[in-house]
Structure formats: C-alpha cells, structure tokens
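Following: one structure in structure tokens, then a few remarks.
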Amino acid sequence: MQPERETRLLTVNGAPVRSEASSLAALLTEQGMEVAQSGFACAVNGLFVPRAQWAKQPLAAGDSIDIVAPVVGG
C-alpha cells in the first residue's frame, strides 16, 4: 500500500496550481519542464533558488514559484 500523496495549492507565475510535488524539481517535472535544460531560472517566495538546489528545495502549501526565461530581441 502506497502512502497517500499530499496535494498543495501553489502559485506558479501568478496562477493557482494544485500539485503533489514536494520539491521545486518535482514541480518543474510535473509541469512538463526539462529540469536539465538551461535557459530558465526559478524563485520560491521571491528568493532565487540556484539550479543545484532545485531537488532539495521543499515546497509548502501557499508557496509562490516564479519560473523565468530570458527574452531575446529588443
């Protein structure tokens, strides 16, 4: 019997998201993003999270996650 997974209500780039992810890396994977891909950065509750810490960055209900990518052009 597997333990029941907790669903958290998070805010991702300003939109409410229900997620079972317990870490930032798991959330990114759940959202269909390639964690190994470069070209974007993340912040949790307004604090930048280095890529090396994504798998260790815990998430809690109510957290606000910003996923940003540079825009080319001008």
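The values are calculated or read from the model by the stated rules, or taken from the named source; none is laboratory data. Nothing here was measured: the structure is a model prediction, and the numbers come from that model. Don't worry about glycine lacking a Cβ; one is built from the backbone with ideal geometry, like all the others, and counts go over all protein chains shown.
Some notes on this structure:
- Here D66 meets each of (1) modelled with pLDDT under 95; (2) charged (D, E, K, R); (3) closer than 16 Å to G14 by Cβ with one exception, condition (1).
- Residues of segment 42-74 that are among the small types (G, A, S) and in contact with a helix residue (DSSP H, G or I) (Cβ under 8 Å, 6 or more places away or on another chain): A55 alone.
- Residues satisfying the stated conditions in segment 31-50, i.e. modelled with pLDDT of 95 or more and farther than 20 Å from T11 by Cβ: P50
- Enumeration of residues in segment 1-20 that are of a type in the set (G, A, S), surrounded by fewer than 15 Cβ atoms within 10 Å (Cβ to Cβ) and assigned to a strand (DSSP E or B): A15
- The set of residues in segment 54-74 that are aliphatic (A, V, I, L, M), within 11 Å of L24 (Cβ to Cβ) and not in a loop (DSSP other than H, G, I, E, B) comprises I65, I67.
- Scanning segment 21-50 for residues that are closer than 15 Å to S64 by Cα and either of a type in the set (F, W, Y) or part of a loop (DSSP other than H, G, I, E, B) (or both) returns A21, S22, Q31, N45, G46, F48.
- Considering residues of segment 1-56 that are at positive phi and among the small types (G, A, S) only, the residue farthest from the chain's Cα centre (by Cα): G39
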